[in-house]
Each structure stands twice: as C-alpha cells, then as structure tokens.
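To keep things clear, I will list the structure first and then write my remarks on it.
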C-alpha cells in the first residue's frame, strides 16, 4: 500500500446551523496527485481550511505523516511541509516577481538542511530558477500586480515551491485563467510532482483538467463524501453524473 501523507477521518465542521463537512474520510498518498471535485458550496474549501489549520474541526482526526495536526496552528502545519494556495491569489502586488519569491521564504526554509537558505544570493538564485520553472523568468523584474491573473497564479505556485513543501493543496488553480495558459499550468503541476517530488491535492472545477491530472478523485456533495475512485470510476458513477455533471 502507498504511504498516506494526509489522513482525514470522520471530520465534521459546522458554521452555526450549516453543516459544511459531515463525517469526511479521505487520504492523500505520498507522491500522488489527488483531486477533489463537487458542486459549489459542497464543502471543498472548508475541508482544505480544516486540513491546513485555518479553523478547528468539530470532530474527527486529521493526520500528516501519521501525526495528529488538527489542533495545530497554520504556521506550525506549514513548517511541517504542508502549504496551500487560494482561489484568489495572495501575492505582493507592488513588488516585482523576484522580491515576491524571496519574501515568501518561511522560517522552515532557514534550517541548516535547506538547500536554498544560507545566503541571500542563494535565495535569489533559487527564486529565479523557480520562476524559470513556471515560465515567468522573463517577467522576473516586473511588478507582480501588472501580471495577468493566470501569471499571478503561476507566481503564487512558484512562491509556494520556495518553501520546499512536501504536499501542496491547490484551490481551483485553473479558475479565471486564460485557456491558452491552462495546458502550461497542468504541465508544471505534473513536473512539480514528478521532478520535485511534491505531493499535490487539487480542488478543481475544470473536469478535463482534473480527469487528466489526478490518479484518484474524491467527490463531495452537500458536505458529504459522495464517491471516490479513479477518474474512470467517477466518470461512470451515476451519482457523480447526477450531482455534479448535470445528469446524463
């Protein structure tokens, strides 16, 4: 069996009388690309927020590398090696791309074992290398707020990579992106997984993207786990078709 990097067991989260997540159980295998789909409002982003520590869960267990993390703060979880991106980009719009990259380096990357910590010049070199990796090297000295939305998402992705994550949670990475940039983003996500060894967990509405990217997909509906399996399994699951794909 594959090593489970993230294990979510019977997790529930409510806001007042709204049950955002109800008894959710899922896992993310080390080295995998795992997808999460479902209609708007089904609890996907709430689940991400619970996993990375943005709010306490009501019940259940969340483990990272077999250690319970449901009581930890966001910063503590990030230092363990789990980061997330957002639907709306979180960049420093008045800084250029290289400065965004350098300022994003967390205390976790300042350890003696980090490959890009010790000197400022090394951090800048790493920043420029990752900007090249995501296709933004030619934009490295431009003010990030002047980039297109799709380019800003690529920058945010590169900023996350600066922190050597073991697993990266991406919340709708292709939303709002020009279709001409989507294939390039998919390619870079695959390369981050295959070449950099980063496990990915992706919320995505673009079915073509997630069906071609993920090896396992979970489908939520009304805050509950509706189905899980391979892309082929879900494409042929009538429950998923009815709840998410709009019926046959």
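Looking at 136, 189, just one residue is buried (at least 20 other Cβ atoms within 10 Å of the Cβ), more than 22 Å from residue 82 (Cβ to Cβ) and touching a residue at least 24 places away in the same chain (Cβ under 8 Å), and that residue is 136. Considering segment 28-74, and only residues there that are without any contact (Cβ under 8 Å) to a residue 24 or more places away in the chain and assigned to a helix (DSSP H, G or I), the residue that is nearest to the chain's Cα centre (by Cα) turns out to be 49. Looking across segment 26-43, just one residue is at positive phi and at pLDDT 95 or above, and that is 31. Scan segment 153-170 for residues that are under 16 Å from residue 35 (Cα atoms) and out of contact with any helix residue (DSSP H, G or I) (no Cβ under 6 Å at 6 or more places or on another chain) and the total you get is 2. Inspection of segment 162-178 finds no residue satisfying the criterion of being free of Cβ contacts under 8 Å to residues at least 24 places away in the same chain and more than 10 Å from residue 83 (Cβ to Cβ).
Does residue 227 satisfy the condition of being part of a strand (DSSP E or B), touching a helix residue (DSSP H, G or I) at 6+ places or on another chain (Cβ under 8 Å) and at negative phi? Criteria met by residue 227. Determine, yes or no, whether residue 204 is on the phi > 0 side of the Ramachandran plot and touching a strand residue (DSSP E or B) at 6+ places or on another chain (Cβ under 7 Å). Considered against the rule, which asks whether it is on the phi > 0 side of the Ramachandran plot and touching a strand residue (DSSP E or B) at 6+ places or on another chain (Cβ under 7 Å), residue 204 comes out as no.
The values are calculated or read from the model by the stated rules, or taken from the named source; none is laboratory data. None of the values given here were measured: they were computed from a predicted structure. Every residue, glycine among them, receives a Cβ derived from its backbone with ideal geometry; neighbour counts consider all protein chains shown.
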